[in-house]
Amino acid sequence: MKSKWADEFYKMQYGNMSAVDASYYEVQADEIMEQIGKPVDSLLELGAWDGSLAKAMSKKVSHMTTVELVKEMAEAVKENNPGNIEVIHGSFYDVQITDTFDAVIYIEGFGVGTDADQLELLRKIGQWLDNEGCALIDNYQPEHWKKADDIEMRPDPSNNPDVIRRYSYNFEENIIMDTWWKKGHEKLAQTQYLKCYTPEEIDKMCRQAGLRVTVYFPGGAMDYENMRYFEHASLKECMSYRIKIMNL
Ligand SMILES: C[S@@+](CC[C@H](N)C(=O)[O-])C[C@H]1O[C@@H](n2cnc3c(N)ncnc32)[C@H](O)[C@@H]1O
């Protein structure tokens, strides 16, 4: 594991968010299959959270492997396992995976650690891909997150109304700092740090890792002035964009 905060932060986040409806993940899985654009026999999912997406994806592939850092969540993946998922608990920097896959996905989460860490992960992803395989990775768009600096909100107002999060943006390093705490307990706040890359920067880093970006899929955007979310946004304005990458 490269970042000391990651295990504790994601464990806390998991404990402070209510479960998302399965139908959300079914839609995600359809979108992912469409973006991969061909049948998938074997799939590797990095940063699998509690296995909700894996469960939806496992209906569309013959077999899959998940890697999740947080023990409690890896155990949840096992509980959610319909039978064709190999569940690995550990950091994707450390685990030994000798198989190769038709596709690798890392949905929300890329950007933890240094540039060297991201480069190492991209190189690993390249090694885990079959010859014609592709990977989908979500990247945070710096132009969007600059507008989120100092924004405070409740991430799960209905079920966890006491939980507050604040975004701060490090303009020099292009890092989102996402700090969570329970009302009245700000001293116990925990922060995740996510590096944002422009499409040009990630393209350059992929090339360094022996990969090429074949498609950019922009996601939605938040209008922080009116606190409204828009499902579709341009590549420049989106919160994150997904890249489809293949070996060079
Ligand atoms: C922001 S969450 C995204 C979860 C899920 N992919 C989704 O889209 O809902 C990031 C996930 O990646 C996991 N993670 C972070 N660093 C990791 C690492 N080095 N190895 C394996 N999993 C990691 C976290 O524990 C967390 O479950």
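What number, rounded to the nearest 500 deg cm²/dmol, is the helix-based mean residue ellipticity at 222 nm of the chain, given -39500 (n - 2.57) per DSSP H run of at least four residues and division by all its residues?
Mean residue ellipticity, 222 nm, calculated: -9000 deg cm²/dmol.
Measure nothing fancy, just the Cα-based angle from helix 115-128's long axis to the longest principal axis of the chain, in degrees from 0 to 90, nearest 10.
Once rounded, one gets 30 degrees.
With every protein chain left in place and a probe of 1.4 Å, what is the accessible surface of residue 12, to the nearest 10 Å²?
For residue 12, the solvent-accessible surface is approximately 30 Å².
Over the Cα atoms of segment 30-177, Rg to Rh with Kirkwood Rh, two decimal places?
Here Rg/Rh amounts to 1.00.
Roughly speaking, what is the stretch gain from residue 123 to residue 27, that is 0.36 nm per residue apart minus the C-alpha to C-alpha distance, in nm to one decimal?
Between residue 123 and residue 27, full extension yields 31.6 nm more.
Do the alpha carbons of any pairs in 11/187; 4/187; 4/60; 71/244 sit beyond 27 Å of each other, and which pairs?
Beyond 27 Å between Cα atoms: 4/60; 71/244.
Measuring from the lowest to the highest alpha carbon on each principal axis, how far does segment 144-192 reach, largest first, in angstroms?
Principal-axis extents of the Cα atoms in segment 144-192, largest first: 33, 22, 13 Å.
Treat every Asp and Glu Cβ in the chain as -1 and every Lys and Arg Cβ as +1, leave all other atoms uncharged, and give the resulting dipole magnitude about the Cα centre to the nearest 20 debye.
200 debye
Probe 1.4 Å, all protein chains in place: accessible area of residue 100 in Å², nearest 10?
Its accessible surface works out to 60 Å², give or take rounding.
As an exercise, take the mean of 1/r over every pair of distinct alpha carbons in the chain, invert it, and state the Kirkwood radius in angstroms.
Here the Kirkwood hydrodynamic radius works out to 18.6 Å.
Over all alpha-carbon pairs in segment 1-112, figure out the percentage whose distance exceeds 25 Å.
It works out to 17 percent of all Cα pairs.
So if R0 is 30 Å, what FRET efficiency would residue 59 and residue 19 give, r being the distance between their Cβ atoms, rounded to the nearest 0.05?
About 0.95, to the nearest 0.05.
Treat every Asp and Glu Cβ in segment 1-145 as -1 and every Lys and Arg Cβ as +1, leave all other atoms uncharged, and give the resulting dipole magnitude about the Cα centre to the nearest 20 debye.
Dipole magnitude for segment 1-145 comes out near 220 debye.
Most mobile of 213, 87, 95 per a Gaussian network model of the chain (Cα springs, under 10 Å)?
The residue with the greatest mean-square fluctuation here is 95.
Based on the Cβ-Cβ distance from residue 188 to residue 149, what FRET efficiency comes out when R0 is 22 Å, to the nearest 0.05?
Using R0 = 22 Å, I get an efficiency of 0.45.
May I ask you to give the solvent-accessible area per residue for the chain, in square angstrom, as obtained with a 1.4 angstrom probe?
Result: 50 Å² per residue.
Using Cα-Cα distances under 8 Å and only pairs 6 or more residues apart, what relative contact order does segment 144-192 have, in percent?
Reported as a whole number, the value is 28 percent.
Which is the longest run of the chain containing none of the trypsin sites (Lys or Arg not before Pro) found in DSSP loop states (not H, G, I, E, B) with at most 12 other C-beta atoms within 10 Å?
60-182
Using only Cα atoms, find the angle between the long axis of helix 199-208 and the longest principal axis of the chain, and express it within 0 to 90 degrees, rounded to the nearest 10.
The angle comes out near 40 degrees.
In whole percent, how big is the carbon plus sulfur part of the accessible area of the chain, probe 1.4 Å, protein atoms only?
47 percent
The values are calculated or read from the model by the stated rules, or taken from the named source; none is laboratory data. Computed from a prediction, not measured in an experiment: that's the story for all the values here. Positions of Cβ are generated from backbone atoms using ideal geometry, with glycine treated the same way; all protein chains shown enter the neighbour counts. Side chains are part of the model used for accessible areas, which takes the heavy atoms of the whole protein and leaves out ligands, DNA and RNA. Shrake-Rupley method; radii C 1.70, N 1.55, O 1.52, S 1.80 Å.
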